[in-house]
């Protein structure tokens, strides 16, 4: 908290900006008034706090109108830059229409904006409000589409459509008396992580999109940050699969691949979905995972895969890699038999392949590579690659 002190003697106007970002209690405020009898101007509305302290010596003349206009313009520029850089994601243009004849389903449309390219994931929080009584109902039975495609959660800016099963949520109600409120909530990523050898990264205990270590999770084409369930069109004919058919130099020029030859953070599924320091492993890290750990083919909760365990001082640490198969056109192939996990590294001599971890019972390899348009699992890591 900034305090005013009358005993401070300064002849210059001081501008102090305190910035906060990505805390659950965010601020978004700005100063809109200038000067008062105490020499302290402080007007907050929530986020960035701009405090202007103006103290005048008794023998100084009043500041000229020109000086004051200049100061106001400086404040306006600071506010504009700050708000542009740290704008909160918003949901607008919300409409809701019940289906006719009535079958318990309601079509909801909205627009999302303000999500940064490297931000963590978000999900919709939907509430239905009875206009007559004010009673609120949590909407939980709904599916989401983005640009006509089924998605598990909010995957970026743009138009969304939600199909709400109102009858399932509220029973027999008159939905004409309802209004719908939609907000965005940051996805809470609560996963375990373990280090499996000295100097190695920390490995997540599950795939992206998985609720448990043995769940398959979502499938991604290489460079995809949305993730998909089986049924998505993983094929070279899908124009949305940008990285297929592009050379590494083309991908670098377009900002998909860094100068060090790995996916850029904004196109790294682990970083975009989970945020923070999470990222996709490199092919070298997959190779180290094979050579520094003991691999045991087993079954957990009815799912085949490998338990990968550290050695020596790390023998108590392990992860489970489910044999989740892969997305091929609109089918899920070889689940329970093989595992394919994308690395962040493209094949330098090809416009069609990227390196992967490939395994089945009795075999594992990181010298493998596959078409970038195929749907594969992603197992995030943290730390040490840099």
For this session: Please verify whether the stretch 248-264 includes one or more residues that are in the same structural domain as residue 356 (by TED's automatic domain parsing), surrounded by 15 or more Cβ atoms within 10 Å (Cβ to Cβ), in a strand (DSSP E or B) and touching a residue at least 40 places away in the same chain (Cβ under 8 Å).
Result: yes
For this session: Name the residue, out of 367, 344, that is assigned by TED's automatic domain parsing to the domain that holds residue 237 and part of a loop (DSSP other than H, G, I, E, B).
Result: 367
Problem set entry | The lone exception for residue 238 - which of (1) touching a residue at least 60 places away in the same chain (Cβ under 8 Å); (2) in the same structural domain as residue 372 (by TED's automatic domain parsing); (3) surrounded by 15 or more Cβ atoms within 10 Å (Cβ to Cβ); (4) farther than 19 Å from residue 279 by Cα it fails | (3)
Exercise. Among the residues of the stretch 265-285 satisfying the criterion of being over 19 Å from the mean Cα position of the chain (by Cα) and part of a helix (DSSP H, G or I), which is nearest to residue 314 (Cα to Cα)?
Worked result: 285
Seminar exercise, completed: Selection from the stretch 173-182 of residues buried (at least 18 other Cβ atoms within 10 Å of the Cβ) and modelled with pLDDT of 80 or more yields 178, 180, 182
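Per-residue answers, yes or no, for (1) in contact (Cβ under 8 Å) with a residue 24 or more places away in the chain; (2) assigned to a loop (DSSP other than H, G, I, E, B); (3) closer than 30 Å to residue 123 by Cβ:
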| site | (1), (2), (3) |
| --- | --- |
| 287 | yes, no, no |
| 290 | yes, no, no |
| 299 | no, no, no |
| 332 | yes, no, yes |
| 339 | yes, no, yes |
| 359 | yes, no, no |
Problem set entry | Some residue of the stretch 130-150 being surrounded by fewer than 18 Cβ atoms within 10 Å (Cβ to Cβ) and under 30 Å from residue 317 (Cβ atoms) | no
Exercise. Has the stretch 152-172 got any residue that is in contact (Cβ under 8 Å) with a residue 40 or more places away in the chain, surrounded by 15 or more Cβ atoms within 10 Å (Cβ to Cβ), closer than 30 Å to residue 279 by Cα and in contact with a helix residue (DSSP H, G or I) (Cβ under 8 Å, 6 or more places away or on another chain)?
Worked result: no
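The values are calculated or read from the model by the stated rules, or taken from the named source; none is laboratory data. Note that the coordinates shown come from a computational prediction; the quantities given were computed from them, not determined experimentally. No Cβ is skipped: glycine too gets one built from the backbone with ideal geometry, and neighbour counts run over all protein chains shown.
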